[in-house]
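Inspection log for the structure reproduced underneath, given as structure tokens.
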Amino acid sequence: MAENGINFTISIDGTKVAGQRGGSLSRSADTIETTSKDGAGWKSFIPSFKEWSVEGDGVVVFSDEGFALIEQAYVSGDAVEVDVQMNGTKSIYNGEAIINDFSVEMPYDDLMSYSISLQGTGALTFVNPSTLL
């Protein structure tokens, strides 16, 4: 069964960030070339280092505890625990990340909004695969 994006939420240090609109989880892996003369003209590779990041955006809610945690972590440079949740409140992925971009947009004729990018530092754990069934 297909899922829509409305089920994707980000929590920082166990606290959901209010006002979320969009989000994405990116995962990638480097490769190491292992081609030899025995490859009959074909290159071969093995997996190497992996990395992950999370991006999101939403409406600014200054009174929200999650928004305050983002502000504090960005200023201090401390890593935060990130939970990516789908299907309501069931965590799917968990890991530590550093906030590497945190922008607030203040248009004259619209709501204030934010965008955030978090770079994972260390492993991203697949927490609860049963929620995908």
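Coordinate-derived values only; no laboratory data. If you're wondering where the values come from, they're calculated on a predicted model, not measured in any experiment. Every residue, glycine among them, receives a Cβ derived from its backbone with ideal geometry; neighbour counts consider all protein chains shown.
Express in nm, to one decimal, how much length is gained between ASP109 and GLU96 on full extension, taking 0.36 nm for each residue of separation and deducting their alpha carbon distance.
1.1 nm
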Quiz item: Debye sum, Cα scatterers, segment 12-133, no solvent: what log₁₀ I/I(0) at q = 0.11, 0.16, 0.19 1/Å?
Solution: -0.48, -0.81, -1.04
Practice problem: Estimate the FRET efficiency between GLU55 and ASP13 by the formula 1/(1 + (r/R0)^6), using the beta-carbon distance for r and 25 Å for R0, to the nearest 0.05. | Solution: 0.85
Quiz item: Quick one: TYR93, TYR74, fewest Cβ neighbours within 10 Å first, how do they rank?
Solution: TYR74, TYR93
Quiz item: Nearest 0.05, what FRET efficiency do SER24 and VAL75 give at R0 = 35 Å with Cβ-Cβ as r?
Solution: 0.90
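Find the Cα radius of gyration of segment 7-70, compare it with 2.2 N^0.38 Å by division, and give the number to two decimals.
Working: Rg = 20.2 Å, N = 64, 2.2 N^0.38 = 10.7 Å.
Rounded to two decimals, the normalised Rg is 1.89.
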